[in-house]
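Inspection log for the structure reproduced underneath, given as structure tokens.
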Ligand code: MLT
């Protein structure tokens with residue numbers, strides 16, 4: 001009788017609003033991707049999607065909430081590369097990324113940009129490096145969204161590459177953090193183009209370089225770190241959609257099909273392109289594609305984090 005009940009529930013799914021938890025503050029890059037994706041997925045699901053922002057601990061609090069949520073398809077998590085760095089950074093992580101979830105699929109890959117406050121007396125990456133080296137130890141303020149965020153990972157890579165230890169200032173997301181960069185309250189940050197593009201185009205922050213080997217279509221005048229001779233910044237912030245372990249297969253099929261339609265939705269694709277983001281396609285937007293990439297990324301970032309020796313707990 002129970003399985004029949006589960007069967008009928010899945011058959012009617014979704015029959016009430018779905019909540020997608022974003023583990024960072026509203027107004028940041030992850031929130032932006034989630035709200036755009038929700039608009040696209042609503043078209044095929046014919047159901048309201050509510051975005052819930054649960055910030056803190058570099059995004060791990062919000063993800064932990066979904067690891068414990070009912071496996072009925074009405075509580076999902078949308079997060080990014082931080083899912084792959086958390087296992088190396090948190091020795092007491094309250095979830096196992098490769099065991100505690102069902103994997104719906106990948107969504108977008110987002111490049112990152114080094115930005116500084118408007119008043120900082122540097123105009124390119126080389127000047128930023130020499131300015132930072134000339135400052136007293138741990139006096140340069142570097143904003144991020146907490147240990148385990150993409151901005152944290154990029155900041156680690158920056159500090160180890162230019163050999164400058166900075167004073168990192170954590171926020172619940174880079175939405176609030178970028179306000180302090182614009183306000184000349186913190187010196188610099190590495191943040192995703194989904195958050196920085198509009199502020200760079202409005203000249204509210206200084207865009208120093210793309211944290212990658214090629215330029216970004218939404219901000220074509222910003223040189224890449226590779227243009228300045230630094231080729232090891234190749235961070236691409238991939239994003240995935242997750243459900244709690246043991247969510248029924250029939251529900252996961254509905255979600256997967258809706259996601260695969262959404263990443264082809266013209267409004268979604270156009271908005272992501274305007275923000276310099278690369279929409280996932282093909283096998284990436286499958287359960288297997290997401291889980292395989294997550295496993296590869298956990299292995300990829302572990303050595304860097306070990307070398308940096310910075311842990312959350
Ligand atoms: C980060 O990892 O830096 C987050 O994406 C920031 C955010 O989404 O607010």
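The values are calculated or read from the model by the stated rules, or taken from the named source; none is laboratory data. Not measured: the values here are computed from a predicted model. No Cβ is skipped: glycine too gets one built from the backbone with ideal geometry, and neighbour counts run over all protein chains shown.
Brief remarks on what is shown
- Of the strands (runs of 3 or more DSSP E) lying entirely inside the range 143-235, those containing at least 2 residues that are over 27 Å from residue 273 (Cβ atoms) and either more than 21 Å from the chain's Cα centre (by Cα) or in contact (Cβ under 8 Å) with a residue 12 or more places away in the chain (or both) are 167-170.
- Residue within the range 239-261 that is touching a residue at least 24 places away in the same chain (Cβ under 8 Å), assigned to a strand (DSSP E or B) and more than 30 Å from residue 8 (Cα to Cα) present: yes
- Only one entry of 285, 269 meets the criterion of being in contact with a strand residue (DSSP E or B) (Cβ under 9 Å, 6 or more places away or on another chain) and without any contact (Cβ under 8 Å) to a residue 40 or more places away in the chain, and that entry is 269.
- Taking first residues from the range 122-135 that are within 16 Å of residue 155 (Cα to Cα) and partners that are outside any loop (DSSP other than H, G, I, E, B), the Cβ contacts under 6 Å between residues at least 6 apart in sequence or on separate chains come to 125/208; 125/209; 125/228; 128/208; 129/162.
- Filter result for residue 104 (in contact with a helix residue (DSSP H, G or I) (Cβ under 7 Å, 6 or more places away or on another chain), under 19 Å from residue 237 (Cα atoms), away from the ligand (no atom under 16 Å from the Cβ) and not in a helix (DSSP H, G or I)): yes
- Scanning the range 27-44 for residues that are under 18 Å from residue 104 (Cα atoms) and either surrounded by fewer than 21 Cβ atoms within 10 Å (Cβ to Cβ) or without any contact (Cβ under 8 Å) to a residue 60 or more places away in the chain (or both) turns up 34, 35, 38, 39, 42, 43, 44.
- The condition of being more than 16 Å from the ligand (Cβ to nearest atom), part of a helix (DSSP H, G or I) and either more than 16 Å from residue 287 (Cα to Cα) or touching a helix residue (DSSP H, G or I) at 6+ places or on another chain (Cβ under 6 Å) (or both) does not hold for residue 122.
- For the condition within 13 Å of the ligand (Cβ to nearest atom) and modelled with pLDDT of 95 or more, residue 186 does not qualify.
- Matching residues, the range 46-76, being assigned to a strand (DSSP E or B) and farther than 13 Å from residue 173 by Cβ: 49, 50, 52, 75, 76
- Given (1) in a loop (DSSP other than H, G, I, E, B); (2) away from the ligand (no atom under 16 Å from the Cβ); (3) touching a helix residue (DSSP H, G or I) at 6+ places or on another chain (Cβ under 7 Å), number of the condition residue 25 does not satisfy: (2)
- Test for residue 86: is it part of a strand (DSSP E or B), crowded, with 24+ Cβ neighbours inside 10 Å, modelled with pLDDT of 95 or more and within 16 Å of the ligand (Cβ to nearest atom): no
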